[in-house]
Amino acid sequence: MPTELLGLTLDELRRLAAAWGEPAYRGQQLFHALYAERRFAFARMTNLSHSLRERLEREACITLPALQQRYTSADGTVRYLLRLADGKTVETVWMPEARRQTLCLSTQAGCAVDCHFCATAQLGLVRNLTAGEIVGQALAVLADQPRRRSNTNIVLMGQGEPLLNYDATLKAVRLFADPKGMAIPLLKITLSTSGILPGIRRLAGEERRPKLALSLNATTDAQRDALMPINRKYPLGELLAACRDYPLRARERLTFEYVLLGGVNDTPEDARRLVALTRGLRAKINLIPWNAVPGLPYGAPADEAVATFQRILRRGGCLAFIRRSRGQDVAAACGQLASLDTSAPPAT
Ligand code: SF4
């Protein structure tokens, strides 16, 4: 079996070079070619010796996820359906902006968490992704996007619960952030969790970690139990206590995501409870009007309810933003990722 290089760290590539009887700096050259120059054919790694390239051709491989389908939204967002080496598929979303782009990556194929408003939950958990498959999504999409900006944000908010695939996710984060590779600052990488308490506590102890977003979506345990059964295991009070203990870096804030479901969690009382729950936390709140998912028993909130909700939060001293999701017309918006490959015609 050839050795898969995608997902190996600088140290791992140095060790591989040493095991092959090469000087350790060859490992660094490989790392640079792979993640900084993003060359995926050994023949194009002209910084390596001819004999090493020949050996790599025989004994190693670089397996990027294959682009199965690409759906382009009217707003420029692109939802990619990517096929992994074993035939499983995941989704990655590309969101271009004037000065940067944001990549929304999956950390698992499907998801076991069962948030009731989320399309991915309907898939169940297919499997965890490897670090190489998480990083590979970004590399495959960047290679497909010729008009990219130099600034890239990464959000781990696609399919899956990142903290239930902790080691591979953190390894991928460190690969993104390595200054000798893709060099994406840690504060431009955000991990979003449904509230996996042991994972949040473990992340708090990491020296090198991404920013943390908590998908809150409710202001009482009864309400959150009904929307997100994971709340029965890790209830609101314990989650918010972990948030209060969470060590924030300079200029860092926690993010609370709050999906507004019409008539369910979008009342003025909910907004007032949210103010009380988050009081004193260095945080911002992203309000996300629900994106329709066929077959789920929810509706989008009324515009007036969304505006009132935000007004109450702001009057209560919260930093609150309304996030109109992008890519809704191609099922690329928050909560819509379900590996659909027939929901829209493929982009040309
Ligand atoms: S919202 Fe996230 S954690 Fe919840 S089911 Fe969907 S993908 Fe899983």
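The values are calculated or read from the model by the stated rules, or taken from the named source; none is laboratory data. Quick caveat: nothing in here was measured; it's all calculated off a predicted structure. Positions of Cβ are generated from backbone atoms using ideal geometry, with glycine treated the same way; all protein chains shown enter the neighbour counts. These area figures cover heavy atoms from the full protein model, side chains too; ligands, DNA and RNA do not enter into them. Shrake-Rupley method; radii C 1.70, N 1.55, O 1.52, S 1.80 Å.
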**Study point:** Within the stretch 53-74, considering residues that are in contact with a helix residue (DSSP H, G or I) (Cβ under 6 Å, 6 or more places away or on another chain) and open to solvent by less than 60 Å² (accessible area, probe 1.4 Å), the one nearest to residue 3 (Cα to Cα)
**Key:** 56
Point to revise | Pairs with Cβ under 6 Å, 6+ apart, first in the stretch 280-298 and more than 13 Å from residue 336 (Cα to Cα) and part of a strand (DSSP E or B), second open to solvent by 30 Å² or more (accessible area, probe 1.4 Å) and among the aliphatic types (A, V, I, L, M) | key: 284/319; 287/322
Check your understanding: For the stretch 83-181, which strands (runs of 3 or more DSSP E) that fit wholly inside it have 2 or more residues that are modelled with pLDDT of 95 or more, within 24 Å of residue 9 (Cβ to Cβ) and within 15 Å of the ligand (Cβ to nearest atom)?
Key -> 89-96, 108-110, 125-128, 152-156
Point to revise | Residues that are touching a Leu at 6+ places or on another chain (Cβ under 7 Å) and of a type in the set (Asp, Glu), drawn from the stretch 245-296 | key: 252, 257, 266
Check your understanding: Can you pull out the residues in the stretch 33-48 that are in contact (Cβ under 8 Å) with a residue 24 or more places away in the chain and assigned to a loop (DSSP other than H, G, I, E, B)?
Key -> 38, 40
Point to revise | Meets criteria (over 23 Å from the mean Cα position of the chain (by Cα) and among the hydroxyl-bearing types (Ser, Thr, Tyr)) for residue 219 | key: yes
Practice item. Tell me which of these residue 159 doesn't satisfy, since it passes every other one: (1) open to solvent by 10 Å² or more (accessible area, probe 1.4 Å); (2) touching a helix residue (DSSP H, G or I) at 6+ places or on another chain (Cβ under 9 Å); (3) among the polar types (S, T, N, Q). Key: (1)
Review point. Can you name every residue in the stretch 49-82 that is of a type in the set (S, T, N, Q) and either under 12 Å from residue 140 (Cα atoms) or in a strand (DSSP E or B) (or both)?
Key: 63, 68, 69, 72
Check your understanding: Can you tell me which residue in the stretch 300-315 is farthest from residue 269 (Cα to Cα), limited to those that are open to solvent by 30 Å² or more (accessible area, probe 1.4 Å) and assigned to a loop (DSSP other than H, G, I, E, B)?
Key -> 300
